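The values are calculated or read from the model by the stated rules, or taken from the named source; none is laboratory data. Model, not experiment: these values are computed from the prediction. Every residue, glycine as well, gets a Cβ built from its backbone with ideal geometry; the counts of neighbours run over all protein chains shown.
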Amino acid sequence: MTVDSNSNSTSGRKYSDILEKTVDRNYKKRIIINRLVTIFTIVCVIAAIVPLGSILLEVIKNGAKAISFEFITQPQGSIGSGNGGIGPAIQGTIIVVGLASLIAAPVGVLAGIYLSEYARRGIFADLVRFFNDVLTGLPSIVIGIVGYIVIVLSIGSFSVLAGAISLSIIMIPIVVRVTEETLKVVPYSFREAGHSLGISKAKITLFIVLPSAKNGILTGIVIAISRIAGETAPLIMTILGTSLFFTGITGPVDALPLRIWRLASQPYESAHAFGWGSALILILMILALSVGLRFLAQKRGFK
């Protein structure tokens, strides 16, 4: 009995020692892997931030000296003179992007609600998602050509309306996808609580699910607006550009991406300076839009 007890005790200690060594070895392995992954993540973040930071610094360095009250408010002067400004381009960008957002945001949000809440599975819903993904990756110049053929030739002139509709086509699939995915994150218990109270599905979606996902949907809309605000190809085919201020929804108008493209192609130093300034103004407009919508959402309690 004593020999067996000693044997069992020795075996237990050996097993305990082996287990402790295994746990310690696995723990050290996990620590090493965790540190390697952390370092790799930091390197990836730096690799993403450095190009973006360098671009922003370059735009600020070259564009800040061109900005003035006259630059922001006045129309373009004579080519190569260094006079005038980009007032019509700023006004045109606000009008075209604003009108495109008024078209695309409601359509995209409603389509996302339909895919998330009413048609989660099914052939039709899968087809909608498929074509939505295809539309997301469609080259913008193709959309511009379609806008030119369908709208510009029908109206008989380049117009704000043609540009806004073309940009809204680019914006809609982004809003649809973000809305659908954001609504899926809302816990299903929220919906069950509404059903248990006898509330209709439409009211649950409108007053419970949608408010819970407003912050994410708003972010998607801002991302979509940021995407279309810098598009040039569709605008070349639809609004053409002009040195005059807004004259009507069926007439041509200028826009910052068009103005930057034209200024960059001119062989004058003053034109290049105006191009850098226009790029900086465009970045500041997008930043102001993003910050403003975030502030509005937080002020009104859209969590």
- Task: Please specify each residue of region 184-208 satisfying the condition of being crowded, with 16+ Cβ neighbours inside 10 Å and closer than 30 Å to Ala288 by Cβ.
- Result: Val186
- Query: Applying the selection to region 238-290, what residues are in a helix (DSSP H, G or I), more than 23 Å from Ser166 (Cα to Cα) and either among the acidic types (Asp, Glu) or touching a Gly at 6+ places or on another chain (Cβ under 7 Å) (or both)?
  - Reply: Leu263, Ala264, Glu269, Ser270, Ala271, Trp276, Gly277, Leu280
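Are there helices (runs of 4 or more DSSP H) fully within region 181-236 with at least 1 residues that are under 19 Å from Arg120 (Cα atoms), modelled with pLDDT under 85 and over 14 Å from the mean Cα position of the chain (by Cα)? List them. Full working, then the answer.
Values: elements: 188-196, 201-204, 214-229.
Of the helices (runs of 4 or more DSSP H) lying wholly inside region 181-236, those with at least 1 residues that are under 19 Å from Arg120 (Cα atoms), modelled with pLDDT under 85 and over 14 Å from the mean Cα position of the chain (by Cα) span 188-196.
Are any of the residues in region 96-107 of a type in the set (A, V, I, L, M) and at pLDDT below 90?
Within region 96-107, the first condition is being of a type in the set (A, V, I, L, M), and the residues that meet it are 96-97, 99-100, 102-105, 107.
In the following step, the residues that additionally are at pLDDT below 90 were identified as none.
Looking through region 96-107, none of the residues is of a type in the set (A, V, I, L, M) and at pLDDT below 90.
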- Query: From the list Pro88, Pro173, which one is out of contact with any strand residue (DSSP E or B) (no Cβ under 8 Å at 6 or more places or on another chain), assigned by TED's automatic domain parsing to the domain that holds Thr238 and not small (Gly, Ala, Ser)?
  - Reply: Pro173
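Determine if region 262-272 includes at least one residue that is of a type in the set (D, E, K, R), in the same structural domain as Gly98 (by TED's automatic domain parsing), within 22 Å of the chain's Cα centre (by Cα) and on the phi < 0 side of the Ramachandran plot. Quick ask: steps written out before the conclusion?
First pass over region 262-272, keeping only residues of a type in the set (D, E, K, R): 262, 269.
Filter once more, so that each one left must be in the same structural domain as Gly98 (by TED's automatic domain parsing): 262, 269.
Retained after the next criterion (residues that are within 22 Å of the chain's Cα centre (by Cα)): none.
Checking region 262-272: not a single residue is of a type in the set (D, E, K, R), in the same structural domain as Gly98 (by TED's automatic domain parsing), within 22 Å of the chain's Cα centre (by Cα) and on the phi < 0 side of the Ramachandran plot.
Being touching a helix residue (DSSP H, G or I) at 6+ places or on another chain (Cβ under 9 Å), more than 20 Å from Pro106 (Cβ to Cβ) and of a type in the set (A, V, I, L, M, F, W, C) is the requirement here; does Ile236 meet it? Before the answer, list the steps.
Values: touching a helix residue (DSSP H, G or I) at 6+ places or on another chain (Cβ under 9 Å): yes; more than 20 Å from Pro106 (Cβ to Cβ): yes; of a type in the set (A, V, I, L, M, F, W, C): yes.
In short, yes.
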- Message: Could you list, ordered by first residue, the pairs with Cβ atoms under 8 Å in which the first is in region 190-213 and closer than 15 Å to Leu110 by Cβ and the second is surrounded by fewer than 12 Cβ atoms within 10 Å (Cβ to Cβ) and β-branched (Val, Ile, Thr), at least 6 apart or interchain?
- Response: Ala213/Val185
- Item | Cβ pairs under 7 Å, 6+ apart, first in region 97-121 and more than 22 Å from Leu289 (Cα to Cα), second among the charged types (D, E, K, R) | Gly112/Glu180; Leu115/Arg129; Leu115/Glu180; Ser116/Glu180; Ser116/Lys184
- Query: Right, Ala224: farther than 27 Å from Ser78 by Cβ, crowded, with 22+ Cβ neighbours inside 10 Å, small (Gly, Ala, Ser) and in contact (Cβ under 8 Å) with a residue 24 or more places away in the chain or not?
  - Reply: yes
- Kindly indicate whether Asn83 is closer than 19 Å to Leu258 by Cα, without any contact (Cβ under 8 Å) to a residue 60 or more places away in the chain and surrounded by 10 or more Cβ atoms within 10 Å (Cβ to Cβ). yes
